[in-house]
Amino acid sequence: MGYALGMDGFREVVGALAGQYRLWAPVLKVGEGRFTDTDVVRYDFVTSADEIEWHTRSDYAFKEILTPLSQTLFYFTDGQTTVPPADTRDVLVFLRACDLCALRRLDQVYQQSGPRSDWFYDRIRDHVRFALIGCPESQEDCFCVSMGSNVAPAGSYDLSVDFVAGTDGEPQVLMDVPAADLAALVAPRATAERDVEPAHVTENETKVTVPAEVPNSIYKSDIWAEYNARCIECGRCNFVCPTCTCYTMQDVFYTDNGKVGERRRVAASCMVDGYTNVAGGGQYRRTAGDRMRFKVLHKVYDFRRRFGYDMCVGCGRCTTVCPEYINFAAAVNKLADACAAEAAAATATKEGAGANA
Amino acid sequence: MPSEKSVLVPGVAPAVSPEVPRMTPGPAAVQTDNPYVPWPARILEIVSHTAREHTFRLEFAGDVRPGQFFEVSIPKYGEAPISVSGIEPGRSVDLTIRNVGRVTGELFEGYGVGDQVLLRGPYGNGFDTSMFMDGEVVVMAGGTGVSPVRGVIDAISHSADAKDKHVIVGFRSPADMLFRDDLARWADALDLILTVDGAPEGYEGNVGLVTKFIPDLPLRDPATAKAVVVGPPPMMRFSIMGLLKLGLAEENIWLSQERKMCCGMGKCGHCRIGQHYVCLDGPVFNYVESKDMLD
Ligand SMILES: Cc1cc2nc3c(=O)[nH]c(=O)nc-3n(C[C@H](O)[C@H](O)[C@H](O)COP(=O)(O)OP(=O)(O)OC[C@H]3O[C@@H](n4cnc5c(N)ncnc54)[C@H](O)[C@@H]3O)c2cc1C
Ligand code: SF4
Ligand code: SF4
Ligand code: FES
């Protein structure tokens with residue numbers, strides 16, 4: 001069911017939601033950006049509509065609610081392991097179409113990869129619902145249309161929010177509310193009932209082509225070399241990505257006698273040193289170029305080979321955050337070009353061989 | 001609902017199931033409600049091969065096969081993936097461990113018979129030993145690489161045509177040899193070639209890399225012979241080159257890959273190579289698949 005609301009009614013709706021849910025939403029943090037006097041949009045808990053950044057795509061992903069940067073798995077005390085309780089009060093997450101597509105990727109890895117669903121992920125996931133923020137226009141670095149993630153998957157959200165100008169010129173909010181329990185909360189505050197289709201973009205300035213096939217020769221291609229000079233292996237591109245899921249186990253102990261400690265898992269980045277280190281000094285993918293190759297191929301090829309669809313949702317966050325101005329979309333396009341060139345060369349060789357025969 | 005069970009005591013080891021999974025690769029049955037919580041396992045015995053390499057026999061009653069691995073925890077130090085080097089069904093597993101760092105160091109220094117370490121697993125596909133019982137087989141193992149194939153070698157040493165089973169085992173030096181008792185048994189049962197990379201003056205055994213012995217393998221039909229190769233990456237690379245040159249078919253060669261692994265369950269991502277998770281699809285791979293797994 002869809003509704004139109006005035007701003008006051010909408011504020012009341014968010015207030016009422018805050019009474020039932022912890023609201024996890026993008027928030028503009030003034031002056032907290034990477035550079036002096038810059039702002040950043042990060043996720044945080046809010047209790048009112050006015051705290052939420054509705055118009056700019058967040059710089060950081062929503063995923064920390066499901067996969068915290070650091071998560072205690074259990075404590076060690078005197079030979080006992082104790083799993084700490086989680087905050088399992090219900091959460092409502094405000095996010096965009098690409099993010100809901102990213103959620104499918106998180107679920108894929110945490111719930112469907114391997115023999116069983118992830119215990120720690122599930123115990124939070126089961127308490128999280130989703131509210132779609134419509135996208136009337138494309139934002140910085142986005143290429144969601146190329147990745148097919150510009151539209152929220154069917155059934156992926158419980159309510160949507162779009163801001164439009166009403167016929168009287170006053171700002172209006174349109175909400176699509178498929179969840180009956182939430183519709184009951186919205187309906188009394190609405191000015192009208194009507195069909196609502198959340199806004200989505202149909203074209204981005206940035207476009208990418210993903211390679212259908214990647215020949216093994218691409219591993220040795222010189223397209224990766226430029227990153228050796230440019231990438232500083234800081235891993236920010238992974239930490240902001242809504243589809244990155246990797247973590248590293250870490251044990252710590254706090255008392256001098258070593259009696260009390262904990263095991264954590266912390267977010268990991270395949271761009272950062274140590275990701276592949278094994279005992280005896282073994283390490284795979286030593287250079288930034290190798291790591292970039294691994295990351296790009298995983299996002300637009302290897303994940304697809306395993307799970308049937310591409311991992312990257314084209315949100316553009318990795319490009320926006322990179323301190324070295326490395327453009328992820330450009331990297332994907334260079335890969336696609338190189339693959340096409342390899343394929344053309346292979347065909348030419350074959351035809352040449354055929355002509356000689 | 002997992003969230004209701006916020007506090008758990010350590011998980012319990014699984015009971016023995018009558019059916020050992022054989023053909024399907026992938027981890028065996030689920031043990032605990034929360035697979036990240038390891039269970040305490042008592043150290044039943046410790047065999048010291050060298051100062052740096054010990055075999056720890058640990059209580060374990062569940063299903064497991066050679067080539068699979070466990071995550072061994074030393075609380076507050078961390079976890080380490082370790083291959084199963086021996087199995088006594090329903091009672092114990094052997095883990096042969098080299099002391100190289102934080103977890104393994106603490107295990108060597110602080111733990112003795114009767115103490116408990118924490119375990120979770122087994123993980124990975126492991127070897128299907130039944131595949132190697134018939135026909136000509138070559139097993140090549142280097143150093144701690146013997147651990148994952150020890151069960152395979154044991155199995156083929158009891159096969160009907162054990163004379164057609166050739167095992168090349170290499171260590172750095174005579175002092176680095178592991179599984180001496182097993183080596184003696186295997187030497188009696190099958191064609192064992194034991195070699196060391198280097199040895200002090202007067203050493204009477206074979207000296208040379210494992211690859212040196214490939215050309216002289218007395219295979220009647222290399223095209224149908226099967227091979228298993230496990231060891232450090234360069235050793236595996238050159239051994240496979242040698243076996244292919246001898247005429248073995250790519251699809252008849254298996255190897256075991258090692259990668260950093262934090263979970264063993266297809267979640268943490270560290271073990272990925274291309275589309276593969278080494279912890280799920282491996283660590284044992286057929287060469288046809290593994291030759292296209294590029295890092
Ligand atoms: C499937 C599999 C099977 C294995 N089987 C066996 C076996 O049967 N026997 C055996 O002895 N070993 C085996 N290993 C190797 C074993 O897991 C490692 O030796 C063990 O994890 C070392 O743990 P540690 O804490 O003692 O060493 P660590 O203290 O972790 O360190 C050892 C070295 O690893 C590197 N390192 C580790 N983590 C980091 C990091 N975060 N940053 C930088 N450097 C790092 C360092 O260079 C260090 O020198 C196996 C590994 C795998 C994946
Ligand atoms: S690509 Fe950019 S953000 Fe990613 S690791 Fe390299 S420098 Fe950091
Ligand atoms: S790889 Fe970059 S563009 Fe793709 S989903 Fe991750 S952050 Fe967004
Ligand atoms: S070890 Fe974590 S995914 Fe394989």
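Results, tabulated for the structure shown:
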{"read-out": "One residue from B:G142, B:G170, B:G121 being buried (at least 18 other Cβ atoms within 10 Å of the Cβ), within 30 Å of A:G79 (Cβ to Cβ) and either in contact with a Gly (Cβ under 9 Å, 6 or more places away or on another chain) or not assigned by TED's automatic domain parsing to the domain that holds B:S85 (or both)", "value": "B:G121"}
{"read-out": "Evaluation of A:C246 against (1) away from ligand 3 (no atom under 16 Å from the Cβ); (2) at the interface with chain B (Cβ under 8 Å from one of its Cβ atoms); (3) not acidic (D, E) (one fails), failing number", "value": "(1)"}
{"read-out": "Test: residue in the range B:151-168 that is over 30 Å from B:V278 (Cα atoms), touching a His at 6+ places or on another chain (Cβ under 8 Å) and not in a strand (DSSP E or B)", "value": "no"}
{"read-out": "Test set (1) within 30 Å of B:G266 (Cα to Cα); (2) touching a helix residue (DSSP H, G or I) at 6+ places or on another chain (Cβ under 7 Å) - B:T144 fails condition number", "value": "(2)"}
{"read-out": "Count of residues meeting criterion [assigned to a helix (DSSP H, G or I) and open to solvent by 20 Å² or more (accessible area, probe 1.4 Å)] in the range A:10-35", "value": "7"}
{"read-out": "Of all residues in the range A:296-314 being within 8 Å of another protein chain (Cβ to nearest Cβ) and away from ligand 4 (no atom under 15 Å from the Cβ), the one that is surrounded by the most Cβ atoms within 10 Å (Cβ to Cβ)", "value": "A:L297"}
{"read-out": "A:T248, sole failed condition from (1) under 22 Å from the mean Cα position of the chain (by Cα); (2) of a type in the set (S, T, Y); (3) assigned to a loop (DSSP other than H, G, I, E, B)", "value": "(3)"}
{"read-out": "Pair list, Cβ < 9 Å and 6+ apart or interchain, from the range B:204-225 residues that are within 19 Å of B:F132 (Cα to Cα) to residues that are among the charged types (D, E, K, R) and loosely packed, with under 14 Cβ neighbours inside 10 Å", "value": "B:I214/B:K245"}
{"read-out": "Qualifying residues in the range A:115-148 (those that are touching a helix residue (DSSP H, G or I) at 6+ places or on another chain (Cβ under 8 Å) and among the β-branched types (V, I, T)) - the one farthest from A:V41 (Cα to Cα)", "value": "A:I124"}
{"read-out": "Options A:V83, A:V109; residue that is among the β-branched types (V, I, T), under 18 Å from A:I65 (Cα atoms), open to solvent by less than 10 Å² (accessible area, probe 1.4 Å) and touching a helix residue (DSSP H, G or I) at 6+ places or on another chain (Cβ under 9 Å)", "value": "A:V109"}
{"read-out": "Single residue of the range A:283-295 satisfying the filter (open to solvent by 20 Å² or more (accessible area, probe 1.4 Å) and more than 16 Å from B:R272 (Cβ to Cβ)) that is farthest from ligand 3 (Cβ to nearest atom)", "value": "A:R286"}
{"read-out": "Conditions (1) touching a strand residue (DSSP E or B) at 6+ places or on another chain (Cβ under 8 Å); (2) in a helix (DSSP H, G or I); (3) more than 27 Å from B:G124 (Cα to Cα): number failed by B:D188", "value": "(1)"}
{"read-out": "Count of residues meeting criterion [among the polar types (S, T, N, Q) and free of Cβ contacts under 8 Å to residues at least 24 places away in the same chain] in the range A:147-180", "value": "1"}
{"read-out": "Matching residues, the range A:207-222, being out of contact with any Phe, Trp or Tyr (no Cβ under 7 Å at 6 or more places or on another chain) and open to solvent by less than 30 Å² (accessible area, probe 1.4 Å)", "value": "A:I218, A:S221"}
{"read-out": "Those residues of the range A:300-320 which are farther than 20 Å from A:E205 by Cβ and either assigned to a helix (DSSP H, G or I) or within 16 Å of ligand 1 (Cβ to nearest atom) (or both), in sequence order", "value": "A:Y301, A:D302, A:F303, A:R304, A:R305, A:R306, A:F307"}
{"read-out": "A:P323, sole failed condition from (1) at negative phi; (2) part of a helix (DSSP H, G or I)", "value": "(2)"}
{"read-out": "Residue satisfying all of: in the range A:256-282; away from ligand 4 (no atom under 16 Å from the Cβ), facing another protein chain (nearest Cβ under 10 Å) and open to solvent by less than 50 Å² (accessible area, probe 1.4 Å); nearest to A:E226 (Cα to Cα) among these", "value": "A:E262"}
{"read-out": "Filter result (open to solvent by 70 Å² or more (accessible area, probe 1.4 Å) and hydrophobic (A, V, I, L, M, F, W, C)) within the range B:178-231", "value": "B:L209"}
{"read-out": "Residue that is nearest to B:A80 (Cα to Cα) [pool: residues in the range B:266-295 that are hydrophobic (A, V, I, L, M, F, W, C), out of contact with any Cys (no Cβ under 7 Å at 6 or more places or on another chain) and within 11 Å of chain A (Cβ to nearest Cβ)]", "value": "B:L280"}
{"read-out": "Residue tally, condition within 16 Å of ligand 3 (Cβ to nearest atom) and either in contact with a Pro (Cβ under 9 Å, 6 or more places away or on another chain) or open to solvent by less than 10 Å² (accessible area, probe 1.4 Å) (or both), over the range B:262-276", "value": "1"}
{"read-out": "Any hit, the range A:91-102, residues being more than 14 Å from every other protein chain (Cβ to nearest Cβ), within 19 Å of A:V201 (Cβ to Cβ) and open to solvent by 60 Å² or more (accessible area, probe 1.4 Å)", "value": "no"}
{"read-out": "Sole residue being more than 16 Å from ligand 3 (Cβ to nearest atom), away from chain B (no Cβ under 14 Å), at negative phi and β-branched (V, I, T), chosen from A:V208, A:V196, A:V214", "value": "A:V196"}
{"read-out": "Test set (1) small (G, A, S); (2) modelled with pLDDT of 95 or more; (3) surrounded by fewer than 22 Cβ atoms within 10 Å (Cβ to Cβ) - A:S149 fails condition number", "value": "(3)"}
{"read-out": "The lone exception for A:P178 - which of (1) open to solvent by less than 60 Å² (accessible area, probe 1.4 Å); (2) assigned to a loop (DSSP other than H, G, I, E, B); (3) away from ligand 2 (no atom under 16 Å from the Cβ) it fails", "value": "(1)"}
{"read-out": "Sole exception among (1) within 14 Å of chain A (Cβ to nearest Cβ); (2) among the hydroxyl-bearing types (S, T, Y); (3) open to solvent by 20 Å² or more (accessible area, probe 1.4 Å) for B:S256, by number", "value": "(3)"}
{"read-out": "Among the residues listed as B:D221, B:D295, B:D181, the single one being out of contact with any His (no Cβ under 6 Å at 6 or more places or on another chain) and within 16 Å of ligand 4 (Cβ to nearest atom)", "value": "B:D295"}
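The values are calculated or read from the model by the stated rules, or taken from the named source; none is laboratory data. What you see is a predicted model, and the numbers here were worked out from it, not measured in a lab. FYI the Cβ positions are ideal-geometry reconstructions off the backbone, even for glycines, and counts take in every protein chain you see. With ligands, DNA and RNA removed, areas are computed over all heavy atoms of the protein, side chains included. Shrake-Rupley method; radii C 1.70, N 1.55, O 1.52, S 1.80 Å.
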